[in-house]
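**Student:** Take this structure first; my questions come after.
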Amino acid sequence: MANFPSGRFALNEVWLTLVLMAGDLLAWMKGLCLEGALAKAEPKRLRYTLLHTAGLMVRSARRTTVRIAAGWPWADEIVAAFGRLPGWTTTLA
């Protein structure tokens, strides 16, 4: 119980559920959207390459576009991964 964020059981239960859901989302993204080295990457590397990416989500004309910073080393892989998701478009900014 010392490693949980709260002293109350109900809050810890919700926190743990969200953490497990986030892990599942990363695992599914690896299997469905990523290719090459990122498809085989460990969670720590995925956090660094995907979750720390500078980008901007824009919603216009019923389309969601993700603008990824062109200078990011993994920008091409991220654009390709979002391109595999239905209803999403990705551009380099």
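The values are calculated or read from the model by the stated rules, or taken from the named source; none is laboratory data. This is a predicted model, so every value here is computed, not measured. For neighbour counting, all protein chains shown are included, and Cβ atoms are generated from backbone atoms with ideal geometry for every residue, glycine included. Remember, those area values only see protein heavy atoms, side chains included, never the ligands or the DNA or RNA. Shrake-Rupley method; radii C 1.70, N 1.55, O 1.52, S 1.80 Å.
**Student:** Can you tell which of MET29, THR91, ALA10 lies farthest toward the positive end of the dipole of the chain, using +1 and -1 charges on the Cβ of basic and acidic side chains (Lys, Arg; Asp, Glu)?
**Tutor:** THR91
**Student:** Charges only on Cβ, +1 for Lys and Arg, -1 for Asp and Glu: so what's the dipole of the chain about the Cα centre, in debye to the nearest 20?
**Tutor:** Dipole size: approximately 240 debye.
**Student:** Moving to a separate point now. Where does the chain land at 222 nm, in deg cm²/dmol rounded to the nearest 500, when only DSSP H runs of n ≥ 4 count, each adding -39500 (n - 2.57), divided by all residues?
**Tutor:** Calculated at 222 nm, the ellipticity per residue is -12500 deg cm²/dmol.
**Student:** Mind jotting down a quarter of the surface of the convex hull over the alpha carbons of the chain, in square nanometres, one decimal?
**Tutor:** 7.6
**Student:** Let me ask something additional. Angle check, please: helix 9-32 long axis (alpha carbons) against the longest principal axis of the chain (alpha carbons), in degrees 0 to 90, nearest 10.
**Tutor:** Taking the Cα atoms of the chain, the angle to 9-32 is about 30 degrees.
**Student:** Next question. Carbon and sulfur atoms: what percent of the 1.4 Å accessible area of segment 14-57 do they account for?
**Tutor:** 69
**Student:** How much area per residue is accessible in the chain when the probe is 1.4 Å and only protein heavy atoms are counted (Å²)? Please report the intermediate quantities before stating the final value.
**Tutor:** Values: 6900 Å² over 93 residues.
Each residue of the chain exposes 74 Å² on average to a 1.4 Å probe.
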